[in-house]
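One structure is given below, encoded as structure tokens.
The values are calculated or read from the model by the stated rules, or taken from the named source; none is laboratory data. Just so it is clear, the structure is predicted and the values come from calculations on it, not from any experiment. Cβ coordinates were reconstructed from backbone atoms using ideal geometry, including for glycine residues, and neighbour counts include every protein chain displayed.
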Amino acid sequence: MNRLSLTVTIALFVGATAADAQFGSGIVFDPTQSGHAIVQIENEGKSLENEAQQIENGTKIFTNTVKIATTALQTYNTVQQQYNLYRQMMNSPAMLYQRFLSPRSDLMLMQQISNTYGNSMGWLNASNTGTGAAASYQQAVVPRTPSMVPGYGTTSVLGQQQIAAQGATIDIGDSVMSTNLQVLGTIRANQTARQTDIANLEAASQNQDPSQQTVMATLQRINQALLLQLRTQQDANQINANLALQQMIAQKQQQDALKAGFLDAGNFNNTYQAQVAPAYNGAAQALTY
């Protein structure tokens, strides 16, 4: 519409000028120059429109840039607040609870009080190190018979079973207790290295070094703590298993005694008639004289 109005105005102006020229005003109308002037005016109008459009686009770009910068600044402030919060949360345990940490307590080693007969030192060393447990145990207890009980081969089958059951209880008990001695000694020997691992884990957990406060470092410490817990649980399970064996031995000994008592009671009549009665035959009659 603006172009049409401008063209009509120019046409009216040209027509008026032509009329003046035709009616003797002294001005000669040149159609070619007028056409060039119209084209130039149209081009100038287009240039102005393009500049206005560029200015409008620039304004939009500037507005978007301001919005992006504002959003980025808000995001930065949010991230900074989160970082400060995370850092405070990571440092708080060291600042708040470090002074409440209890001192570590190692599994105490057995102390040598006396060695009166020269046979207890090996047992104590085995309880601290786990080495030489079987030999040191046998050295500190009542020795077992080197061979079978005399007359074992001439006894009855039931008698041999009773003697063999008691001998098996002794042999199994010695094996279990010497094994327990070795297990406990090995656990004590490993306590120094385990306490060192725990102390290193504790120091890394309380360290305020940023490299120790990363997610991977924290997960690694958690993993190491779980491994230490599993190893400790494994030692406890082994001790419990050995204690269960000892309880089985004690129960076996009770069962052997009960069974032997029932066998003796069951064979009492035959044994009395075959051995006791003939030995005292005529004793009552002899007393009457």
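All conditions in (1) within 30 Å of K259 (Cα to Cα); (2) modelled with pLDDT of 85 or more hold for Q162, with the sole exception of (2). Pairs linking a residue in region 137-159 that is under 30 Å from G185 (Cα atoms) to a residue that is of a type outside the set (D, E) and not in a helix (DSSP H, G or I), with Cβ atoms under 8 Å and 6 or more positions apart or on different chains, are Q139/N119; A140/N119; A140/S120. When region 199-227 is filtered for residues that are exposed (fewer than 15 other Cβ atoms within 10 Å of the Cβ), within 30 Å of M108 (Cα to Cα) and within 14 Å of the chain's Cα centre (by Cα), the ones remaining, listed by number, are Q220, I222, N223, L226, L227. Within region 218-232, residues that are more than 18 Å from I187 (Cα to Cα) reach partners that are acidic (D, E) with beta carbons closer than 9 Å, at six or more positions or on different chains, in the pairs Q224/D197.
When V157, V142, V149 are checked against the criterion of being under 28 Å from N119 (Cβ atoms), exposed (fewer than 11 other Cβ atoms within 10 Å of the Cβ) and at pLDDT below 85, a single residue qualifies: V142. The residue list G130, G122, G185, G173 contains one member that is at positive phi and not aromatic (F, W, Y), which is G130.
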